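Engineer: Okay, here's the structure, questions in a sec.
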Amino acid sequence: MSEGATRTTCPYCGVGCGVLARPRDDGTAEIKGDPEHPANFGRLCSKGSALGETLSLDGRLLDPIVEGVETGWDVALDLVAQRFKETIAVHGRDSVAFYVSGQLLIEDYYVANKLMKGFIGSANIDTNSRLCMASSVAGHRRAFGSDTVPGTYEDLEEGGLVVLVGSNLAWCHPVLFQRLIAAREKRGTRIVAIDPRATATTEAADLHLAVAPGADVALFSGLLAHLAATGRIDRRFIEAHTVGFEAALNEALTLDLAATAGTTELSAEALTTFYNLFAQTERVVTVFSQGVNQSSAGTDKVNAIINCHLATGRIGRPGMGPLSVTGQPNAMGGREVGGLANMLAAHMEIENPEHRRIVLDFWGSPSIASKPGLKAVDLFRAVEDGRIKALWIMGTNPADSMPEADRVRDAIRNCPFVVISDVCRKTDTTALADVLLPSAAWGEKEGTVTNSERRISRQRAFLPVRGEALSDWRQVCEVAKRMGFADAFAYRSPAEIFAEYARLTATENDGRRDLDLGAFADISEADYASLAPLQWPRRVGEDPREARFFAEGRFYHADGKARFVATPFRSPAAETSARYPFILNTGRIRDQWHTMTRTAKTPRLMAHVAEPFIEIHPDDARAIGVGPADLAEIESAHGAAVLRVVVTERQRRGSLFAPMHWTEQFASKARVNALAGSAVDPTSGQPELKITAVAVRRFNAAWHAFVMSRARIATAGADHFAVAPSLGGWRAELAGLAEPDDWTAFARKTLALGADAEIVAYHDAGAGQRRFIAFEGETLVGALFAAREPAAVARSWLAEQLGGPIAPEHRLPLLAGRPGNDVRDRGPIVCACFDVGRKEIAEAARQGCETVAAVGARLKAGTNCGSCRGEIEKLIVPVTAPRARSR
């Protein structure tokens, strides 16, 4: 381990990568992958690699704030406790709610759940993880009798076939994707990617099935029927260990191959190829993520997948089984400790009176919630209609991330009392708070998280807590004490909370429940401090081991058998119409995370994609009348957005894709979830974020501008903006519906120039071009390039000049917006890990680097997380293909 480094865990996705962090004197940190962590073995993705660049105090919430005024903790906590007590006394326990986050640690989650369900006595606590993996939970519970992930990441390396469903693994879980690619290179693993759109993942797959949006149930029901018809089912396993096979199969048989092809919009030949590959490969892993879960039929999709593994007995053994990969660092941990409104702590069921008794007795609480609480969408409906009168939001940004986000924002704004615990001072949600509580950030807090393979790892502090911030668990405990529950919340450290949670998992368990951490029931502070990554279960007296579930056919329903679930195909809730003829799909991009509160702090992660966009098929773009780099307005029944057009054949005709990350902090109208409807899966309560009916039209701007400035760019004069941090300052894309009366005054105001700044300008009013570069002495402090169409300038090169000295003889050439022939221009960034540009890669190809590996050897591009390797290959093919033909 690096000298002075702290072993901790990455705070991004559910892979749960180990990190070695060593603080630097300038406030950043040296970040490396932990070679000993069994999730990543030293690998990190672009976001993880850049963690050390996101630790600044810019934008941090450092003091409690009540009604806009900084105050002390006692004042803020007293007020929170008082208002919650008063609300409960007048309106009842179900008039209050917590909305929590997969960014919380196990210990934070545990005490919040304990306070709400065991001491307030309501189950109105739900988590933003409802938006990403609730359908997996529901599917697991229906099939297995518990929310059990059967396998491990090693199965990706042991499998002969890995099926990726609704998962852009290359961008959303890059470290797992690299483990998979390494397995293919070593042992020939086949990869099938099932996704309506082409992605970096589908490009690396042996077979891409561009399934119709929402048709996954039909696809896997067809697979179940094929397995039965070709004699590939395991009758012994089915009869000994399962219930309901015939009903599930009969439902699957209602669609023959031709009907399945029609529903999925795949050819019969493509379906047969996939079905035979699955049937004839013994070791099959099916990895699924948000494309499955975020659906009004998400739970049925999960069960349709599980049905195929149960039917073949391919579960719980090396290299086989269903594997749900989660989106947040502690989404799994939140499930374990009861962070969902329909669960009790320790994987116990709120509907089960025996489980309620166990938890009630263990906590010694005055009451226990006796029915499920409000799931996320319903919770914010209750805020809207006044049933919820006091709301505490912890570590999440629902004004952007919830469907019908405008409606949710208005509901929060009108709630009588809103408390928000966050790291950031300004988000679209914190603007709505009555009380803001400053939380300790990653690098400052101590606790544990659970990744997608049931592996618990420590997050450790390597920085002092900044300002007056407190860990979330301590905030909750302090409020609980003030509400009269001091004895039950008298924890002195996260180690004490973890030990109590471990004891609860083992209480009256005796193997009847999957989750058992009894081995840590008496963990000491020292052992907690040095806790190594571990997979559960870890029962009392058991030696550490890597664990899979269900290979022996023992499940957690009362009879010990798994359940097949009949999964009739249901069309998505959103349907196209004459008014809304397109289907909008939303998701993540490679270098951004959730609502960008962390990733947007580093220019490196903004360099690959600096503004929100909409992907459109070329045929649809022509029909709409938009071209590459135009702006388009996207409208649904619920909201609207203005996004940059990317014309690409990655999209199916009739379908669009937009990333979900941008907020009003970074763009004028790009909160994509404002477009999404609130239709939910009836079992899981997870909203259908992947399918929204929308209309698209050109945003008819009179002018467009690329702007960069050392100061934060003033956007008030534009009808559209998208800003991003850049090296030495900020960059932005602006557009307006009418030209400014005075372009020079507009430029000075937009660039936030001081009175002494000198401007060099170029005007061609006839062509609609206006160009300004601004200096303080020889230092370039700003530039604005305006035109009637999106400005054709070398954005990456220009951004690199900002803040640097520009000799007088180079000022006029700079106005051209492009470097001269003798000046290096790296082009747009492709590899964020090593800051390598498109033109550098193309030049390496021209100089003889004919493979991705050769480019990596010369430039390092693609050698870390590997998520840019597909893009690198596309860049070198135009250079290498003619060379190969000429040989």
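The values are calculated or read from the model by the stated rules, or taken from the named source; none is laboratory data. Since the structure is predicted, the reported quantities are computational estimates derived from the model, not experimental observations. As a convention, Cβ positions derive from the backbone with ideal geometry for all residues, glycine included, and neighbour counts pool all protein chains shown. For the accessible areas, the whole protein counts, side chains as well, though only heavy atoms, and no ligand, DNA or RNA atoms are used. Shrake-Rupley method; radii C 1.70, N 1.55, O 1.52, S 1.80 Å.
Engineer: Would you please give the FRET efficiency between D25 and E496, computed as 1/(1 + (r/R0)^6) with r the Cβ-Cβ distance and R0 = 45 Å, to the nearest 0.05?
Structural biologist: Working from the Cβ atoms, E equals 0.85.
Engineer: Could you go through segment 533-541 in sequence order and give the Karplus-derived ³J(HN,Hα) for each residue, using 6.51 cos²θ - 1.76 cosθ + 1.60 with θ = phi - 60°, rounded to whole Hz, and x for Gly and Pro?
Structural biologist: Rounded to whole hertz, the list is x, 8, 9, 8, x, 9, 7, 4, x.
Engineer: Additional query: Percentage of Cα-Cα pair distances in segment 53-139 greater than 20 Å, rounded to whole percent?
Structural biologist: Of all Cα-Cα distances in segment 53-139, 54 percent exceed 20 Å.
Engineer: Taking the alpha-carbon centroid of each part, what is the distance from segment 635-656 to segment 137-165 in angstrom?
Structural biologist: That distance is 32 Å.
Engineer: Place a label point 7 angstrom from the Cα of H91 along the Cα-to-Cβ direction, then list the residues of segment 374-414 whose backbone nitrogen is under 12 Å away.
Structural biologist: 382-392, 412, 414
Engineer: Further question on the same structure: Hey, which lysines would be in cross-link range of K375, C-alpha to C-alpha under 25 Å, not counting anything within fewer than 8 residues on its own chain?
Structural biologist: K85, K114, K117, K301, K389, K690
Engineer: Can you tell me which of 276-285, 751-760, 327-336 comes out highest on packing, and rank the rest after it, using the mean Cβ neighbours within 10 Å?
Structural biologist: 327-336, 276-285, 751-760
Engineer: Moving on. How far apart, in nanometres, would the label points at A765 and A247 be if each is projected 7 angstrom from Cα along the Cα-to-Cβ direction?
Structural biologist: With each label point 7 Å from Cα toward Cβ, the separation is 7.8 nm.
Engineer: Can you pull the semi-axes for segment 688-847, root of five times each eigenvalue of the Cα gyration tensor, sorted largest first, whole Å?
Structural biologist: Working from the Cα gyration tensor, I get semi-axes of 25, 24, 15 Å.
Engineer: Which peptide among 229-235, 210-216, 688-694 comes first, and what is the full order, when sorted by highest mean count of other Cβ atoms within 10 Å?
Structural biologist: In decreasing order of mean packing, 229-235, 210-216, 688-694 become 688-694, 210-216, 229-235.
Engineer: To the nearest µm²/s, what D does Stokes-Einstein give for segment 202-252 at 4 °C and 1.567 mPa s, using the Kirkwood radius over alpha carbon pairs as Rh?
Structural biologist: My calculation gives 101 µm²/s for D.
Engineer: Given labels modelled 7 Å from the Cα in the Cβ direction, how far is it in nm from D406 to K874?
Structural biologist: It is 3.2 nm.
Engineer: What share of all Cα pairs of segment 4-43, in percent, falls into each consecutive 5 Å distance bin?
Structural biologist: 7, 28, 29, 20, 11, 4, 0
Engineer: Give the residues of segment 402-441 whose amide nitrogen is closer than 11 Å to a point set 7 Å from the Cα of T71 in the direction of its Cβ.
Structural biologist: Within reach of a label on T71, which here means backbone N under 11 Å from a point 7 Å along Cα→Cβ, segment 402-441 contributes 434-436.
Engineer: Taking every Cα atom in segment 1-154, find the radius of gyration and the maximum pairwise distance Dmax, and write them in Å.
Structural biologist: Just the Cα atoms of segment 1-154 yield Rg and Dmax of 20.3, 57 Å.
Engineer: Take the Cα atoms of segment 113-258, build their convex hull, and give its volume per residue in Å³.
Structural biologist: In segment 113-258, the Cα hull volume divided by residue count equals 178 Å³.
Engineer: Could I get the Rg over Rh figure for segment 524-638? Both from C-alpha atoms, Rh via Kirkwood, rounded to two places.
Structural biologist: Using only Cα positions, Rg/Rh for segment 524-638 is 1.17.
Engineer: Taking loop as defined by DSSP and a crowding limit of 13 other beta carbons within 10 Å, which GluC sites (Glu not before Pro) in segment 760-850 fit?
Structural biologist: E778
Engineer: Leaving out ligands and nucleic acids, note down the accessible area per residue over the chain with a 1.4 angstrom probe, in whole Å².
Structural biologist: So the chain comes to 34 Å² accessible per residue, rounded to a whole number.
Engineer: Shifting gears a bit: Decide, for segment 687-772, between rounded, prolate and oblate: order the square roots of the alpha carbon gyration tensor eigenvalues as a ≥ b ≥ c, take rounded if a/c falls under 1.5, and otherwise choose prolate if a/b is larger than b/c, else oblate.
Structural biologist: Cα axes put segment 687-772 in the oblate bin.
Engineer: Output the direction-averaged projected area (hull surface divided by four) of the convex hull of the alpha-carbon atoms of segment 417-521, in nm².
Structural biologist: 9.1
Engineer: For N352 and A551, what does the FRET efficiency come to when R0 = 22 Å and r is the distance between their Cβ atoms, rounded to the nearest 0.05?
Structural biologist: Efficiency computed from Cβ-Cβ geometry: 0.25.
Engineer: Applying 1/(1 + (r/R0)^6) with R0 = 22 Å to the Cβ-Cβ distance of D559 and A228, what FRET efficiency is obtained, to the nearest 0.05?
Structural biologist: Given R0 = 22 Å and the Cβ-Cβ separation, E is 0.40.
Engineer: Roughly what % of Cα-Cα distances in segment 1-78 sit above 15 Å, to the whole percent?
Structural biologist: 63
Engineer: Roughly how many percent of the accessible protein surface of the chain is carbon and sulfur, given a 1.4 Å probe and a whole-percent answer?
Structural biologist: Here carbon and sulfur together make up 49 percent of the probe-accessible area.
Engineer: Along the Cα→Cβ direction, 7 angstrom out, place labels at Q847 and D522. What is the inter-label distance in nm?
Structural biologist: Each label point is offset 7 Å from its Cα along the Cβ direction, giving 6.4 nm.
Engineer: Based only on Cα atoms, what Rg/Rh ratio does the chain have, Rh being taken as Kirkwood's radius?
Structural biologist: Ratio of gyration radius to Kirkwood radius: 0.96.
Engineer: What's the extension gain from A578 to A486 if we count 0.36 nm per residue and subtract their Cα-Cα distance?
Structural biologist: Net length gain for the segment: 27.2 nm.
Engineer: Then there's this: Sorted by mean Cβ packing within 10 Å, highest first, what order do the peptides 673-679, 51-57 take?
Structural biologist: Packing proxy ranking, top to bottom: 673-679, 51-57.
Engineer: Can you tell me the convex hull volume per residue for segment 575-634, based on C-alpha atoms, in Å³ to the nearest whole number?
Structural biologist: Cα convex hull per residue, to the nearest whole number: 116 Å³.
Engineer: Can you give the extra length, in nm with one decimal, that the chain gains between A640 and A431 once fully stretched, where that is 0.36 nm per residue apart less the Cα-Cα distance?
Structural biologist: Here the segment from A640 to A431 would lengthen by 73.2 nm.
Engineer: List the lysines whose Cα lies under 23 Å from the Cα of K32, skipping any in the same chain that are fewer than 8 positions away.
Structural biologist: K47, K445, K601, K860
Engineer: Hey, can you grab everything whose amide H is under 5 Å from the amide H of C424? Only 5+ residues off in sequence or another chain; H modelled, so Pro and N-termini drop out.
Structural biologist: Correct list: L61.
Engineer: While we're on this one: If you look at just the Cα atoms of segment 610-765, how large are its Rg and its Dmax in Å?
Structural biologist: 18.0, 63
Engineer: Charges at C-beta only: +1 for Lys and Arg, -1 for Asp and Glu. How large is the resulting dipole of the chain about its Cα centre, in Debye rounded to 20?
Structural biologist: 1340
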